[in-house]
């Protein structure tokens, strides 16, 4: 019991000190932090995949923001950092990848799927309309008779 409490306390202190280091570096240079966030907005969190590194709280995103901060502090440009991240993680790391031969499916794919779905829907509707035969006069009379019998008198 005491051992579990000690482990929990240790983990709590470690988590708190990690957050303190992040907060201290944020307050140190607001201009640098603005540049860090500008670059981080252009990169996809590899853990979350639907968030930017700037918005993510995943450990990897925090580490990548620290790496961006370090590289900016070393004098690298924002484009150099983006190029480094693409070289390391591929085009997928870019939140808005550039249109080129290797990423054309990312840009065109959703529109192609939408067109295919619209075509399939239109074809299904046309097929159903053609296959629905009109009622014969005898069937129409029978339907009219059934409707008259089931409706209440006025």
I want to confirm something. Restricting to the stretch 52-93 and keeping residues that are more than 14 Å from residue 38 (Cβ to Cβ) and not in a helix (DSSP H, G or I), which single residue is modelled with the lowest pLDDT? 90
What pairs come out if I take residues in the stretch 129-154 that are surrounded by 10 or more Cβ atoms within 10 Å (Cβ to Cβ) and pair them with residues that are in a helix (DSSP H, G or I) whose C-beta lies under 9 Å away, six or more apart or interchain? 135/142; 135/143
Sole residue being surrounded by 12 or more Cβ atoms within 10 Å (Cβ to Cβ), in contact (Cβ under 8 Å) with a residue 12 or more places away in the chain and touching a strand residue (DSSP E or B) at 6+ places or on another chain (Cβ under 7 Å), chosen from 53, 68: 53
Filter the stretch 33-50 for residues that are assigned to a helix (DSSP H, G or I) and without any contact (Cβ under 8 Å) to a residue 40 or more places away in the chain and give the result. 33, 34, 36, 37, 40
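The values are calculated or read from the model by the stated rules, or taken from the named source; none is laboratory data. This is a predicted model, so every value here is computed, not measured. All Cβ positions, glycine included, derive from the backbone under ideal geometry; neighbour counts span all protein chains shown.
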